[in-house]
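The values are calculated or read from the model by the stated rules, or taken from the named source; none is laboratory data. The model shown is predicted, which means the values in this text are computed figures rather than measured ones. Note that each Cβ is placed from the backbone with ideal geometry, even for glycine, and that neighbours are counted across all protein chains shown. With ligands, DNA and RNA removed, areas are computed over all heavy atoms of the protein, side chains included. Shrake-Rupley method; radii C 1.70, N 1.55, O 1.52, S 1.80 Å.
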Amino acid sequence: MADFLFYLFAFLTVLAAMGVVVNRNAVNAAMCLLLSFAGVAALFTMLDSGLLAFVFLLVYAGAVVVLFLFVVMLLDVQGGDPRKPYQPITAAAAGVALALLTTGLLSLAERGRLPGSVPAAAPGFKEFAARLFTTYLLPVEVTGFLLLIAMLGVVVLSKRLETRGAVK
Amino acid sequence: MFAAINLSALQAAAGTNQWMAIYPELMLGLLALLLLGLELVLPKAPRALIPTVAIVGLVIVLVGLGINFHTAFLNRDTFAGLLHHSDGGQFMRVFFVLSAILVCILATVTLDRQPVSKVEFYHIVIVITAALMLLVQSNHFVMFFVALETVTVGFYILVSYFRTSAYSLEAGLKYLILGALSSAILLFGIVLLYGVAGSAGQQGALPGATAEPMNFGALRGFLAANPDNFLANIGAVLVLAGVAFKIGAVPFQVWIPDVYQGAPTPVTAFLAVASKAAGFAVLLTLVLNVFSPLQEVIVPVLSVMAAATILLGNLAALSQHNVKRLMGLSGVSHAGYLLVGVIAGCREPLAVGAVYFYLLAYLLASFAVFMVMAHVSGSDDADQDLEHYANLARERPFLGAVLAVGLGSLAGIPPLAGFMGKLLIFIAAFKAAAYLPSLYWLLLVAVAGVVVSIYYYFGWIKAAFFPAWRPPPMAGDAAPPVIARVGLTAGVTMVVLAFASVILGFYQGPLGAWLVTR
């Protein structure tokens, strides 16, 4: 049963991810992205990582994709890119990528030695929080500065200029 | 509920958080916040002093670092193994603060000509500097990635800072997309390494598996036990590819010319010097320490990259007329020489000091050139053509002399620091070639690259010193930009940079002794 569910969700994730790439309508692509995220969250749940699944749904599916959709609808893009989506160079690049991927998978099957199991039962909220505020306190503080400069950047790059008419 | 948390375990985990070990970074963080606070509370007129506050604050941190160079934390881990303090890390800390000072001085020259807000620029430069300092001392992939992302996000903003210029916005977008791609590649490599090295004590774990697979020391132990593990090798190569994006090594150099041209001149200098130096400091840690059991795979990969980087950087720079693109592409070739040093470092300890010395010489020469560029460029920061340098030496002999010293040092002309840097790297590579014969070929490529680079560096000097005949200006032609007056701070800085480039070429003193014997 678990195997069946794993294949189901893995297939759903990959299929939806391909839908993001090949879809020419931005809204449809964003919805495919949402589906793909839901599949990944389901895979996390099957690995007993409830926390990760929850955060994934909340942050990516809940916030990021909604932001994408918001921007896409705000811009009101009609019809998409007028150029032909699949040119010969696209096919060539896809062929090379497929060949590389096949080589990689074959050598992995031949020579790769994988760990037999995955870490079961990832830590819950309590241990996660305790780690964040003890062992990983410094990265958390640095992330604070990261968010600060990101916010400043948005202000600086979008604020109305002091002198009008300077935009070339 | 609170009783359930084991307090003593938490205290033990937090006990290694010795904030004194990172006091320079803390001071920089406070300084950055102070700048924002000052802009909030000060009335309009004294706000012009804020850049001075930034520069003075950075100088104070630099002096503090110099006095306390041999800190009590040397060769120790702090923050539960997130950071490791070494004398190489101390050198890079000084290096980054020095380049931040120079970037701020450059910004005082350039920023006034543009309708942009000033204080945020200095704030972001200082935050990036602190993050760079943490990056080169990190000993754990979590710290490494957070610091790297802070640096990268800061650069996304700085590159598109002149947002009235279409070039700057284009550069920002390109840097954003390619930077995000490189971060994704790096992260994927880290995840693969985490996946194979983790799961200690579990059924089916690989030999040498560790409970802390993100820690550099523990990861190295795992790799030593499994040097032929396929996934671990892929992970290591992907991590190196992510770093190669930052240093602009071929085949990850595509972003360099456009981003260097569009970015404001101080940001171009910051990218060219500090960001690249951080990439190499990280590369030294990764190649010589963490991934050292995988050298069988890594050394050939890096060798091919180094040869391609030297050749492509030099050949592409030959045909450039825009001086910012020229600096970018010649910077690619410098990354190639430095890669030769990193490869040589696998067998010859002298090479590590040589790479540090090369970076210092590169800093002095590059900032001298960028200082002159900031004065010659007009209000359109992206349009800096070789033609604008015609008659520079006759009209402004001071700027011409500084330019000649900087370019001569970059080209590696004998009495200057850049020559000593190249010489040290080549000597180290020659010594290491006894163990790694492919280095002989790399040396050959590098020497050929140096010869080619003399052509375009001297083309620039020729444009500044020997006036060529030019058709008289037509009515519709845009007038060449007016060369800015050299202020006191900028003038003194240029004199110091030029003299340091000359003196370091003759006499390396205790610095050279420390670098060679470390």
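Quick notes on this one:
- Any hit, the range A:71-80, residues being at positive phi, at pLDDT below 90 and within 14 Å of chain B (Cβ to nearest Cβ): no
- Condition check for residue B:254: part of a helix (DSSP H, G or I) and away from every other protein chain (no Cβ under 12 Å): no
- Any hit, the range B:473-484, residues being on the phi < 0 side of the Ramachandran plot, open to solvent by less than 50 Å² (accessible area, probe 1.4 Å) and either assigned to a helix (DSSP H, G or I) or of a type in the set (Gly, Ala, Ser) (or both): yes
- Taking the criterion of being more than 9 Å from every other protein chain (Cβ to nearest Cβ), open to solvent by less than 10 Å² (accessible area, probe 1.4 Å) and farther than 21 Å from residue A:140 by Cα, the residues of the range B:136-174 that qualify are B:159, B:162, B:168, B:171.
- Qualifying position, being over 23 Å from the mean Cα position of the chain (by Cα) and in a helix (DSSP H, G or I), among B:468, B:434, B:448, B:428: B:448
- Residue B:281 being open to solvent by less than 10 Å² (accessible area, probe 1.4 Å), more than 14 Å from chain A (Cβ to nearest Cβ), in contact (Cβ under 8 Å) with a residue 40 or more places away in the chain and outside any helix (DSSP H, G or I): no
- Look at (1) farther than 27 Å from residue B:514 by Cβ; (2) touching a helix residue (DSSP H, G or I) at 6+ places or on another chain (Cβ under 8 Å); (3) assigned to a helix (DSSP H, G or I) and you find that residue B:136 fails only one, number (1).
A quick yes/no check of all residues on (1) open to solvent by 50 Å² or more (accessible area, probe 1.4 Å); (2) among the acidic types (Asp, Glu); (3) without any contact (Cβ under 8 Å) to a residue 24 or more places away in the chain; (4) within 14 Å of chain A (Cβ to nearest Cβ):
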site: B:47; (1), (2), (3), (4): yes, no, no, yes
site: B:51; (1), (2), (3), (4): no, no, no, no
site: B:54; (1), (2), (3), (4): no, no, no, no
site: B:64; (1), (2), (3), (4): no, no, no, no
site: B:72; (1), (2), (3), (4): yes, no, yes, no
site: B:80; (1), (2), (3), (4): no, no, no, yes
site: B:85; (1), (2), (3), (4): no, no, no, yes
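- Candidate set: the range B:122-135, residues that are within 16 Å of residue B:52 (Cβ to Cβ) and more than 8 Å from chain A (Cβ to nearest Cβ); chosen: the one surrounded by the fewest Cβ atoms within 10 Å (Cβ to Cβ): B:125
- Figure legend. Inter-residue proximity from the range B:291-307: first residues in contact (Cβ under 8 Å) with a residue 12 or more places away in the chain, second residues in a loop (DSSP other than H, G, I, E, B) and open to solvent by less than 50 Å² (accessible area, probe 1.4 Å), beta-carbon distance below 7 Å, spacing 6+ or different chains. Indicated pairs: B:295/B:346; B:298/B:291; B:299/B:346; B:299/B:436; B:305/B:249; B:305/B:250.
- Selected residue (criterion: farthest from the chain's Cα centre (by Cα)) from residues of the range B:219-238 that are more than 7 Å from every other protein chain (Cβ to nearest Cβ) and open to solvent by less than 30 Å² (accessible area, probe 1.4 Å): B:226
- Criterion violated by residue B:450 - all others in (1) open to solvent by less than 60 Å² (accessible area, probe 1.4 Å); (2) over 28 Å from residue B:98 (Cα atoms) satisfied: (2)
Yes or no, residue by residue, for (1) at pLDDT below 90; (2) aliphatic (A, V, I, L, M):
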| site | (1), (2) |
| --- | --- |
| B:184 | no, yes |
| B:199 | yes, no |
| B:205 | yes, yes |
| B:210 | yes, no |
| B:219 | no, yes |
| B:229 | yes, no |
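So that you can scan it fast, the table gives a plain yes or no per residue for (1) out of contact with any strand residue (DSSP E or B) (no Cβ under 9 Å at 6 or more places or on another chain); (2) in a helix (DSSP H, G or I); (3) in the same structural domain as residue A:39 (by TED's automatic domain parsing); (4) at pLDDT below 80:
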{"site": "A:67", "(1), (2), (3), (4)": "yes, yes, yes, no"}
{"site": "A:99", "(1), (2), (3), (4)": "yes, yes, yes, no"}
{"site": "A:104", "(1), (2), (3), (4)": "yes, yes, yes, no"}
{"site": "A:113", "(1), (2), (3), (4)": "yes, no, yes, yes"}
{"site": "A:116", "(1), (2), (3), (4)": "yes, no, yes, yes"}
{"site": "A:146", "(1), (2), (3), (4)": "yes, yes, no, no"}
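- Scanning the range A:148-168 for residues that are at pLDDT below 75 and open to solvent by less than 50 Å² (accessible area, probe 1.4 Å) turns up A:161, A:166.
- Filtered residues of the range A:13-62 (kept if among the polar types (S, T, N, Q) and either closer than 28 Å to residue A:86 by Cβ or open to solvent by less than 60 Å² (accessible area, probe 1.4 Å) (or both)): A:13, A:23, A:25, A:28, A:36, A:49
- Residue check, residue B:51 out of contact with any helix residue (DSSP H, G or I) (no Cβ under 9 Å at 6 or more places or on another chain) and more than 22 Å from residue B:148 (Cα to Cα): no
Results for (1) more than 30 Å from residue B:15 (Cα to Cα); (2) open to solvent by less than 20 Å² (accessible area, probe 1.4 Å); (3) within 14 Å of another protein chain (Cβ to nearest Cβ); (4) part of a helix (DSSP H, G or I), shown as yes or no for each residue.
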| residue | (1), (2), (3), (4) |
| --- | --- |
| B:89 | no, yes, no, yes |
| B:97 | no, yes, no, yes |
| B:102 | yes, yes, no, yes |
| B:106 | yes, yes, no, yes |
| B:109 | yes, no, no, yes |
